[in-house]
1. Out of all the residues in the stretch 105-117, which are in a helix (DSSP H, G or I) and surrounded by 15 or more Cβ atoms within 10 Å (Cβ to Cβ)?
2. Any chance the stretch 70-83 includes a residue that's surrounded by 13 or more Cβ atoms within 10 Å (Cβ to Cβ) and under 13 Å from the mean Cα position of the chain (by Cα)?
3. Out of (1) farther than 25 Å from Leu102 by Cβ; (2) in a helix (DSSP H, G or I), the odd one out for Pro48 is which?
4. Write out, first by first residue and then by second, each pair whose Cβ atoms fall under 8 Å of each other, whose residues are 6+ apart or on separate chains, and whose first residue, in the stretch 122-140, is touching a residue at least 60 places away in the same chain (Cβ under 8 Å) while the second is assigned to a helix (DSSP H, G or I).
5. Could you please find all residues in the stretch 87-101 being assigned to a helix (DSSP H, G or I), in contact (Cβ under 8 Å) with a residue 24 or more places away in the chain and out of contact with any Ser or Thr (no Cβ under 7 Å at 6 or more places or on another chain)?
6. State all residues of the stretch 39-50 that are without any contact (Cβ under 8 Å) to a residue 60 or more places away in the chain and surrounded by 12 or more Cβ atoms within 10 Å (Cβ to Cβ); if no residue qualifies, say none.
7. What residue, of Tyr149, Tyr108, is of a type in the set (Phe, Trp, Tyr), more than 14 Å from the chain's Cα centre (by Cα) and closer than 18 Å to Leu28 by Cβ?
8. Here is a check on your reading of the model: is Ala36 in contact with a Lys or Arg (Cβ under 8 Å, 6 or more places away or on another chain), free of Cβ contacts under 8 Å to residues at least 60 places away in the same chain and either among the charged types (D, E, K, R) or part of a helix (DSSP H, G or I) (or both)?
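What follows is calculated from the coordinates using simple rules that are stated; it is not laboratory data. A quick note: this is a predicted structure, and the numbers were derived from the prediction, not measured. Backbone-built Cβ (ideal geometry, glycine too); neighbour counts: all protein chains shown.
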Amino acid sequence: MKNKVMSSIVMFGLCVAAVVVVLIGAYLVPLSHQTAETNPTIAHMRVPVLIMGWLILACVIALLVAAFLLLLRINKGNIFEQKSVNLLKLMAVISLAPIPVLATLFFYTSANVDGSITNFWVVVGVMASVIVSIFFFLLASLFQKAVDYKNENELTI
């Protein structure tokens, strides 16, 4: 019973996070228009930066979907199986996917805006992406060891 309640809370959290990400994606359009109006010298950057923001949010949504699939596997009791390991590795790779977009954003804003605070947040985003990816790779390695141990144990019996 306790596991079902915790799983329900985590699923609700994943759904809330997905809704928040979608709302942020929808808010980017008016934000980009407002920024272009207040800073006409960088208005030409509106669409490329908007597309880069949507690409980053798409990676976050893909990560949330993979987490949801892993949570469904956990609810069914299929925790230590190869598919769970593959989902964790996929989550690690998805966590690394925004880095090229963030690097492009870094160089694009550096070339067009002097002293942009955006570059600080881009570096923070890259570091967060690397840390999350390392966490998922470590978790996948741990799950792989458990799967190997489980398979070895089943062969012994």
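1. Scanning the stretch 105-117 gives Leu105, Phe106, Tyr108, Thr109.
2. no
3. It is condition (1) that Pro48 fails.
4. Here the result reads Gly125/Ile56; Gly125/Pro98; Gly125/Leu102, each pair linking the stretch 122-140 to a residue that is assigned to a helix (DSSP H, G or I).
5. Matches in the stretch 87-101: Leu88, Lys89, Leu90, Met91, Val93, Ile94, Val101.
6. The answer is Asn39, Ala43, Arg46, Leu50.
7. None of the others qualify; the one that does is Tyr108.
8. In short, yes.
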